[in-house]
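Peer 1: Just passing along the structure, written as structure tokens.
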Amino acid sequence: MTINPSHYRAAMLLSGAGDALGYRNQLWEYNQSGPCIHRELQEMGGLKNIVVQLPDWPVSDDTVLHLATAEALATGKEGEELLQEVALRYVEAMKDMEGRKPGPTSILGTSQLRPGVPGGYRIPFNTEATGCGAAMRAMCIGLRYPRPKELPDLIRVSIETGRMTHNHPTGYLGSFASALFTAFAVQRRPLLSWGAGLVRALPLAKEFVKSSGLDVEENLREWGFFTAKWEWYLSERGLVSGEGPVTWPDPYGPSERDSAYQSFSLSGWAGRSGHDAPMIALDSLLGAGPDWEELCNRAMFHGGDSDSTGVIAGCCWGLLHGFEGVPEGNYHTLEYRSRMEAVAKQLHKLAGWQEQ
């Protein structure tokens, strides 16, 4: 198997586009009504008329932190040296948050990091760190470690970087899920199998957490929610075996999706937590197929944390479909486009695809 570098480029750029579209400069991330967002979208002439550029369509904290993860990985560093590099870049990234609305847990976590100090990339366990801030910045880890044999690296890096701010299993397992789904997209695994693949891999993540010796008792006490909620979701969609067909509500328009996504959530804010941001992204990928506009309707234009679900879904969709059918205006003048393209090229090289 080999992966064209254009698909890595699409992964990074459409991730950023999904973030900017779902965010709409704070207007849509904080709009709790999917039907209202869809009405506003139609008044603007629809998705094809949106040109994602400054000042109206900035990327949010999601892409700034995703780039921080990606650019750290692109250095080629490994082990402790990589984790120190990630911590340093997270601290630096927090200086670029004007108008981007970083979450309180990300703000707190990065303030506790001490890059350069031995173990300075680790912070205390936090019973409230269940948010999606780790999930939204981890997709690139699947670009760096995309092969099944690299799963131990993917687990280690996604969990260690996730708990740099979200030291709680519901938070950092979101990082693992986003990275794993991205790796599944590179592997061309059938979408129907992704959720079951995640659930099957969770015991390996648990073993890593136990072996790392960090806050083991606290982690094990809080571990069960993430797995239970994903098992519930797979049962709802008829995907426990990973084969399908998908069981969809009928109808499943913007209003119905708002209700469904809230039922996925921890506290009523759809996509805000580590478990349900990748869950909504997967739900949207399953429903949209190769249709970019339908992906946006489901993952970016809903009542809830729509930039965080959009940033994950856009990355995976770009890997699967490239730029096929995507209006050029959705990504051509995207903020930080050149950084995304450069890091995509480097991650593709580091993953070893050009050698095959």
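Peer 1: Scanning the range 55-100 for residues that are outside any helix (DSSP H, G or I), over 22 Å from P146 (Cα atoms) and among the small types (G, A, S), which turns out modelled with the highest pLDDT?
Peer 2: Among those that are outside any helix (DSSP H, G or I), over 22 Å from P146 (Cα atoms) and among the small types (G, A, S), it is S60.
Peer 1: If A351 passes every condition in (1) surrounded by fewer than 18 Cβ atoms within 10 Å (Cβ to Cβ); (2) aliphatic (A, V, I, L, M); (3) in contact with a Pro (Cβ under 6 Å, 6 or more places away or on another chain) but one, which one does it miss?
Peer 2: (1)
Peer 1: Checking I50 against (1) surrounded by 20 or more Cβ atoms within 10 Å (Cβ to Cβ); (2) closer than 24 Å to A138 by Cβ, which test does it fail?
Peer 2: In the conditions (1) surrounded by 20 or more Cβ atoms within 10 Å (Cβ to Cβ); (2) closer than 24 Å to A138 by Cβ, I50 misses (2) alone.
Peer 1: Return the residues of the range 11-60 that are within 15 Å of the chain's Cα centre (by Cα) and more than 14 Å from F301 (Cα to Cα); say none if nothing qualifies.
Peer 2: Within the range 11-60, A11, M12, L13, L14, S15, G16, V59, S60 meet the criteria.
Peer 1: Residues of the range 1-39 being assigned to a loop (DSSP other than H, G, I, E, B) and either over 30 Å from W353 (Cα atoms) or in contact with a strand residue (DSSP E or B) (Cβ under 7 Å, 6 or more places away or on another chain) (or both), which ones?
Peer 2: Matches in the range 1-39: R24, N25, Q26, L27, W28, E29, Y30, N31, Q32, S33.
Results for (1) under 27 Å from L191 (Cβ atoms); (2) free of Cβ contacts under 8 Å to residues at least 40 places away in the same chain; (3) of a type in the set (F, W, Y), shown as yes or no for each residue.
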| site | (1), (2), (3) |
| --- | --- |
| L320 | yes, no, no |
| G325 | yes, yes, no |
| L334 | yes, no, no |
| S338 | no, yes, no |
| H348 | yes, no, no |
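Peer 1: Name, by its number, the condition in (1) crowded, with 17+ Cβ neighbours inside 10 Å; (2) in a helix (DSSP H, G or I); (3) among the polar types (S, T, N, Q) that does not hold for Q42.
Peer 2: For Q42, the exception is condition (1).
Peer 1: Please go through the range 223-245 and give me each residue that is assigned to a helix (DSSP H, G or I) and not basic (K, R), ordered by number.
Peer 2: Residues satisfying the conditions are G224, F225, F226, T227, A228, W230, E231, W232, Y233, L234, S235, E236.
Peer 1: Take the residues of the range 131-153 that are among the small types (G, A, S) and part of a helix (DSSP H, G or I): which is nearest to P102 (Cα to Cα)?
Peer 2: A135
Peer 1: Hey, another quick one. Somewhere in the range 114-126, is a residue closer than 30 Å to D56 by Cβ, crowded, with 16+ Cβ neighbours inside 10 Å and not polar (S, T, N, Q)?
Peer 2: No, every residue in the range 114-126 fails to be closer than 30 Å to D56 by Cβ, crowded, with 16+ Cβ neighbours inside 10 Å and not polar (S, T, N, Q).
Peer 1: Across the range 139-159, what is the total count of residues that are surrounded by 24 or more Cβ atoms within 10 Å (Cβ to Cβ) and charged (D, E, K, R)?
Peer 2: Residues in the range 139-159 being surrounded by 24 or more Cβ atoms within 10 Å (Cβ to Cβ) and charged (D, E, K, R): 1 in total.
Peer 1: Given the conditions (1) out of contact with any His (no Cβ under 9 Å at 6 or more places or on another chain); (2) of a type outside the set (D, E, K, R); (3) under 24 Å from V343 (Cβ atoms), which single one is not true for G238?
Peer 2: (3) is the only condition that G238 fails.
Peer 1: Please state which one of R89, R122 is basic (K, R) and within 15 Å of H166 (Cα to Cα).
Peer 2: R122
Peer 1: Related question: Might you let me know whether the range 101-124 holds any residue that is of a type in the set (K, R) and not in a loop (DSSP other than H, G, I, E, B)?
Peer 2: There is no residue in the range 101-124 that is of a type in the set (K, R) and not in a loop (DSSP other than H, G, I, E, B).
Peer 1: On the basis of being at pLDDT 95 or above and either more than 20 Å from S178 (Cα to Cα) or among the acidic types (D, E) (or both), does R237 make the cut?
Peer 2: Spelling it out, it is not the case that R237 is at pLDDT 95 or above and either more than 20 Å from S178 (Cα to Cα) or among the acidic types (D, E) (or both).
Peer 1: Still on this model: List the residue pairs whose Cβ atoms are under 6 Å apart, where the first residue sits in the range 295-310 and is closer than 16 Å to L266 by Cβ, the second is of a type in the set (G, A, S) and surrounded by fewer than 24 Cβ atoms within 10 Å (Cβ to Cβ), and the two are 6 or more positions apart or on different chains.
Peer 2: G303/S33
Peer 1: Still on this structure, I have one more. Considering only the range 169-204, how many residues are touching a Ser or Thr at 6+ places or on another chain (Cβ under 7 Å), surrounded by fewer than 24 Cβ atoms within 10 Å (Cβ to Cβ) and among the small types (G, A, S)?
Peer 2: So the count comes out to 1.
The values are calculated or read from the model by the stated rules, or taken from the named source; none is laboratory data. These numbers come from a predicted model, not from an experiment. Every residue, glycine as well, gets a Cβ built from its backbone with ideal geometry; the counts of neighbours run over all protein chains shown.
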